[in-house]
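The values are calculated or read from the model by the stated rules, or taken from the named source; none is laboratory data. These numbers were taken from a predicted model, which means no experiment stands behind them. All Cβ positions, glycine included, derive from the backbone under ideal geometry; neighbour counts span all protein chains shown. Quick note on the areas: whole protein, heavy atoms, side chains included, nothing else; ligands and nucleic acids left out. Shrake-Rupley method; radii C 1.70, N 1.55, O 1.52, S 1.80 Å.
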Amino acid sequence: MFSEKISTRATKRPELEKAVTLARELRTSGVRVTLVVHEHKRLGRGIELATLAEDLKASVGLEFLTGELQGSHDPSGVVFTVLAALSGMEREYIRDRTLEGHESARKRGKSIGGASVTDDGMLAMALHLRDQEMSLRDIAARLVITKGAKKGQHPSPATVMRMLREHDEATAAASQAAAQ
């Protein structure tokens, strides 16, 4: 049994690669092999799923426990290929609708994402630590969130990077405006 909690968008999926390699090895020894997956979306969507199916065809069967493709499938079948393409279109549709929703919320004055965990004191400390040439990970480990549900925890390095980048952009814009 192989388990992986990585997005189907990831370029490297080590557990999936191990499962496919094992399935091929078993198949070459004459054993009938079926790769059983919770849902087709866990293998990939659209072109990724069609590419994987092409790699598996004639050697390994596929079975999906849930979803639109529930049941056993021959990866080389036309029906499977069409359904794989439709699932790719579904991903694009969901992405487009999400972006439209975010834009609509912004126009109504709503913010997207969680509450901010940074404040002016945290920014001042982060700038001081950056001046000492500390890494983002080390800076994040020294900062402490002072408000909200995450009070007492450390911000992520990504949060620190975003906070510093926003500060640098605002400073550059202010300097440029003053020069004009």
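Here are a few things to note about the model shown:
- Scanning segment 1-19 for residues that are touching a residue at least 12 places away in the same chain (Cβ under 8 Å), open to solvent by 60 Å² or more (accessible area, probe 1.4 Å) and among the hydroxyl-bearing types (Ser, Thr, Tyr) returns a single hit, Ser3.
- When each of Met163, Met134 is tested for being part of a loop (DSSP other than H, G, I, E, B) and surrounded by 15 or more Cβ atoms within 10 Å (Cβ to Cβ), the lone residue that passes is Met134.
- Note on segment 20-43: residues that are in a strand (DSSP E or B), among the β-branched types (Val, Ile, Thr) and either open to solvent by less than 70 Å² (accessible area, probe 1.4 Å) or modelled with pLDDT under 80 (or both) amount to 2.
- Only one of the numbered conditions (1) touching a Lys or Arg at 6+ places or on another chain (Cβ under 9 Å); (2) at pLDDT below 75; (3) over 16 Å from Glu17 (Cα atoms) is not met by Gly67, and that is (2).
- Number of the exception - Arg91 against (1) basic (Lys, Arg); (2) part of a helix (DSSP H, G or I); (3) at pLDDT 80 or above: (3)
- Across segment 90-115, the qualifying residues are those that are surrounded by 12 or more Cβ atoms within 10 Å (Cβ to Cβ) and in contact (Cβ under 8 Å) with a residue 12 or more places away in the chain, and the one among them that is farthest from Glu166 (Cα to Cα) is Glu90.
- Test: Glu169 is loosely packed, with under 11 Cβ neighbours inside 10 Å, within 30 Å of Lys41 (Cβ to Cβ) and without any contact (Cβ under 8 Å) to a residue 12 or more places away in the chain: no
- Lone unmet requirement of (1) open to solvent by less than 60 Å² (accessible area, probe 1.4 Å); (2) of a type in the set (A, V, I, L, M, F, W, C); (3) modelled with pLDDT of 80 or more for Leu83: (3)
- Check on Ala158, surrounded by 10 or more Cβ atoms within 10 Å (Cβ to Cβ) and under 26 Å from the mean Cα position of the chain (by Cα): yes
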